[in-house]
1. Please check the chain for the longest run free of GluC sites (Glu not before Pro) that are loop-located per DSSP (anything but H, G, I, E, B) and have at most 13 other Cβ atoms within 10 Å.
2. Taking only Cα atoms and a 10 Å spring cutoff, compute GNM fluctuations for the chain and point out the largest among A152, A73, A56.
3. Classify the stretch 31-88 from the C-alpha gyration tensor, please: rounded if a/c falls under 1.5, else prolate or oblate depending on whether a/b exceeds b/c.
4. Which shape class applies to the stretch 1-69: rounded if a/c is under 1.5, otherwise prolate when a/b exceeds b/c and oblate if not, where a ≥ b ≥ c are the square roots of the Cα gyration tensor eigenvalues?
5. Taking all protein chains in place and a 1.4 Å probe, what share, in percent, of the accessible surface of the chain do carbon and sulfur account for?
6. So, in nm, how far is label V131 from label Q184 when the simple model puts each one 7 Å beyond its Cα toward the Cβ?
7. List the lysines whose alpha-carbon lies under 30 Å from that of K211, not counting same-chain residues fewer than 8 positions away?
8. Quick one: if you take sqrt(5λ) for each eigenvalue of the C-alpha gyration tensor of the stretch 80-179, what semi-axes come out, biggest first, whole angstrom?
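The values are calculated or read from the model by the stated rules, or taken from the named source; none is laboratory data. Fair warning: this is a prediction, and the values are worked out from it, not measured in the lab. Every residue, glycine as well, gets a Cβ built from its backbone with ideal geometry; the counts of neighbours run over all protein chains shown. We work out accessible area using only protein heavy atoms, side chains counted, and drop any ligands, DNA or RNA first. Shrake-Rupley method; radii C 1.70, N 1.55, O 1.52, S 1.80 Å.
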Amino acid sequence: MANKEESVVVIGLGRFGSSLALELLRRDTQVLAIDSSPKLVQAYSSQIPHAVVADATDPEALTQLDVGMFRRAVVAIGTDQEASILATANLADLDVSDIWAKATNRQHGRILQRVGAHHVVLPEHDMGERVAHLVSGEMLDYLELGDGFVIAKTRPPRDYVGAALGETGLRAQYGVTIVAVKPQNGTFTYADRETILQYGDILVVSGPEDKVERFSRLA
Ligand code: ATP
């Protein structure tokens, strides 16, 4: 592989790992994909040029693949926690400087951090939380950025349709900022004081979780 510094090692080609690897390739980032299943590696071989069969719990196998030369790696093994922990520890032993690991629960995540993961992702847990917000509220999309600060897609509050944002005092009243507005059949543009909200608009709103939640219920 040409530039290992800029490439990413993806260990595990399950649903998460394969989506990740394909998206990285789509974004012109080279990927070394490793999976212990020859069937899976074969299945992805036409889409992922550097896909190899290896057991990531075996330090020797990773050394032979030059994994220590890569700066970034993702452990996308979930169900087999022992394998995910061992693979993460092996990457740490090889001094990979940016290790991401997928955890199935918080406890698993804590162990992954202990053995050397720099970033732990909990896809099922995070998605469950996100869907809870979407199901229980009026939001069309929702992303928590950390420390309770969120960005969400929502509809305009009924009482403010037809008014210019600068005149509504929305930020003072609700503690949220309208970042962008997409009119029906239009595209997103940044919102400013002159933006007039219309029925059918979609808004991108940011602010503390409880405030964005409250704002979205005004629609
Ligand atoms: P997903 O939800 O993303 O489908 P999952 O959480 O069910 O994945 P697993 O099926 O446990 O995760 O693992 C994902 C992939 O990791 C599988 O394709 C499996 O073959 C591979 N894998 C498991 N153990 C190892 C290992 N020791 N070395 C390399 N690959 C492994």
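1. Working: sites that count: E5, E6, E194.
With a cap of 13 other Cβ atoms within 10 Å, the longest stretch comes to 7-193.
2. Comparing A152, A73, A56 in a Gaussian network model of the chain, the most mobile one is A152.
3. Because a/c hits 1.5 or more and a/b fails to exceed b/c, the stretch 31-88 counts as oblate.
4. Note, shape of the stretch 1-69 comes out oblate.
5. Carbon-and-sulfur percentage of accessible area, whole number: 50.
6. That separation, rounded to one decimal, is 3.0 nm.
7. Qualifying lysines at Cα under 30 Å: K153, K182.
8. Numbers: eigenvalues 344, 44, 16 Å².
They are 41, 15, 9 Å, listed from largest to smallest.
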